[in-house]
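Visitor: Dumping the structure here so I can ask a few things about it.
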Amino acid sequence: MAELRHLYQLQELDLEIEAEEKKLQEKLSLRKESDELIAARAGLTSAQQRLDELKKQQKSAERQADDITSKIKAVEDQLYGGKVRNPKELESLHLEAELLKKKRDELETSLLELMDRVESAQKEMTKASQEFKMVETKWQNEQKRLAEEIEALKEKSARLKQSRQALAGVLDARILDLYSRLRKHKGYAIVKVEQGICRGCRISLPSSDLQQARSGHLVHCSSCGRILFLP
């Protein structure tokens, strides 16, 4: 009877170890970046890329405006420098200067619009950065708590396995082998008998099996094959 009790206790430990291992695996699976963090980072990256692109366009427009201004100065130097006297050439230079100024005005209008877009993109980037930092801090706190929970589960699992090893040490090797085979194929190797019923398959047991089980013998349920245990 004592051996069957130890075997039943061993099964209880194994079931608890399995439950703790399942919890541990579930916790370990959470040790990755959350969807919220991934989305926040993607939003920040997108905002930064948009801002960089607009700044690039702004610098390009500013260089074009500076280039046109230089060209206007060069044309006006010719126009008003006194070296060119031919009326047709002067008219041509005047027309060129006017066209360049018109082009510069259009470019400066576009540049002002770009500056507004850059300012707006900067605000969006700042907002996205703040959102990411908030989500990242939340995730880091969750990961810290998760790490503590994982460590606690590992310690508990280790204690249970030590208890299991000690308990298995007092059981006969043949009984352990039988137990392992039944556990592998049936989930439960040993089950309680309550009110004459096998709790493994819910079948009423023959009186002869009950008598043998009460005497402390190792008896298998004639229906499910599990070892019977009377508390």
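Visitor: Could you run through the range 22-42 and say how many residues are over 30 Å from S129 (Cβ atoms) and surrounded by 15 or more Cβ atoms within 10 Å (Cβ to Cβ)?
Guide: Kept after step one, since they are over 30 Å from S129 (Cβ atoms), are these residues of the range 22-42: 22-28.
Filter again for surrounded by 15 or more Cβ atoms within 10 Å (Cβ to Cβ), leaving 23-24, 27.
Residues flagged as over 30 Å from S129 (Cβ atoms) and surrounded by 15 or more Cβ atoms within 10 Å (Cβ to Cβ) within the range 22-42 amount to 3.
Visitor: Considering only residues that are closer than 16 Å to E26 by Cα and surrounded by 12 or more Cβ atoms within 10 Å (Cβ to Cβ), which ones fall in the range 133-150?
Guide: E142, Q143, L146, A147, E149, I150, listed by residue number.
Visitor: Let me ask another. Tell me yes or no: at least one residue of the range 151-170 is out of contact with any Lys or Arg (no Cβ under 6 Å at 6 or more places or on another chain) and outside any helix (DSSP H, G or I).
Guide: There is at least one residue in the range 151-170 that is out of contact with any Lys or Arg (no Cβ under 6 Å at 6 or more places or on another chain) and outside any helix (DSSP H, G or I).
Visitor: Of these, L44, L93, which one is touching a Ser or Thr at 6+ places or on another chain (Cβ under 7 Å) and assigned by TED's automatic domain parsing to the domain that holds A147?
Guide: Values: L93 fails: touching a Ser or Thr at 6+ places or on another chain (Cβ under 7 Å).
Going through L44, L93 in turn, the sole match is L44.
Visitor: Any residue that is over 21 Å from T109 (Cβ atoms), out of contact with any His (no Cβ under 8 Å at 6 or more places or on another chain), loosely packed, with under 14 Cβ neighbours inside 10 Å and not assigned by TED's automatic domain parsing to the domain that holds R214 - is there at least one of those in the range 53-71?
Guide: No: zero hits.
Visitor: To continue, here is another question. Only one of these is assigned to a helix (DSSP H, G or I), of a type in the set (D, E) and outside the structural domain of L218 (by TED's automatic domain parsing): E36, E16. Name it. Give the derivation first.
Guide: Details: E16 fails: outside the structural domain of L218 (by TED's automatic domain parsing).
Unique residue meeting the criteria: E36.
Visitor: For the list (1) over 30 Å from A147 (Cβ atoms); (2) in contact with a Leu (Cβ under 9 Å, 6 or more places away or on another chain); (3) at pLDDT below 95, I need the number of the one condition that Q9 fails.
Guide: (3)
This table checks each residue for (1) without any contact (Cβ under 8 Å) to a residue 40 or more places away in the chain; (2) closer than 30 Å to E155 by Cβ.
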{"position": "E33", "(1), (2)": "no, yes"}
{"position": "I38", "(1), (2)": "yes, no"}
{"position": "D52", "(1), (2)": "yes, no"}
{"position": "Q57", "(1), (2)": "no, no"}
{"position": "D66", "(1), (2)": "yes, no"}
{"position": "D77", "(1), (2)": "yes, no"}
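Visitor: Please determine, by comparing only the residues of the range 83-102 that are exposed (fewer than 12 other Cβ atoms within 10 Å of the Cβ) and among the charged types (D, E, K, R), which one is modelled with the highest pLDDT. Can you show your working first?
Guide: In the first step, residues of the range 83-102 are kept if they are exposed (fewer than 12 other Cβ atoms within 10 Å of the Cβ); the result is 83, 85-88, 91, 95, 102.
From the residues that got through so far, the ones that are among the charged types (D, E, K, R) too are 83, 85, 88, 91, 102.
Numbers: K83: 84, R85: 82, K88: 88, E91: 88, K102: 95.
Of everything passing the filter in the range 83-102, K102 is modelled with the highest pLDDT.
Visitor: Read through the list (1) outside the structural domain of E16 (by TED's automatic domain parsing); (2) among the aromatic types (F, W, Y); (3) part of a loop (DSSP other than H, G, I, E, B), then give the number of the only condition that Y188 fails.
Guide: Status for Y188: all satisfied but (1).
Visitor: If you don't mind, another one. State whether the residues of the range 121-132 include one that is of a type in the set (A, V, I, L, M), in a helix (DSSP H, G or I), exposed (fewer than 15 other Cβ atoms within 10 Å of the Cβ) and assigned by TED's automatic domain parsing to the domain that holds L51.
Guide: no
The values are calculated or read from the model by the stated rules, or taken from the named source; none is laboratory data. Note that the structure is a prediction, hence the values are computed from the model and not measured. Neighbour counts run over all protein chains shown; Cβ positions are idealised from the backbone, glycine included.
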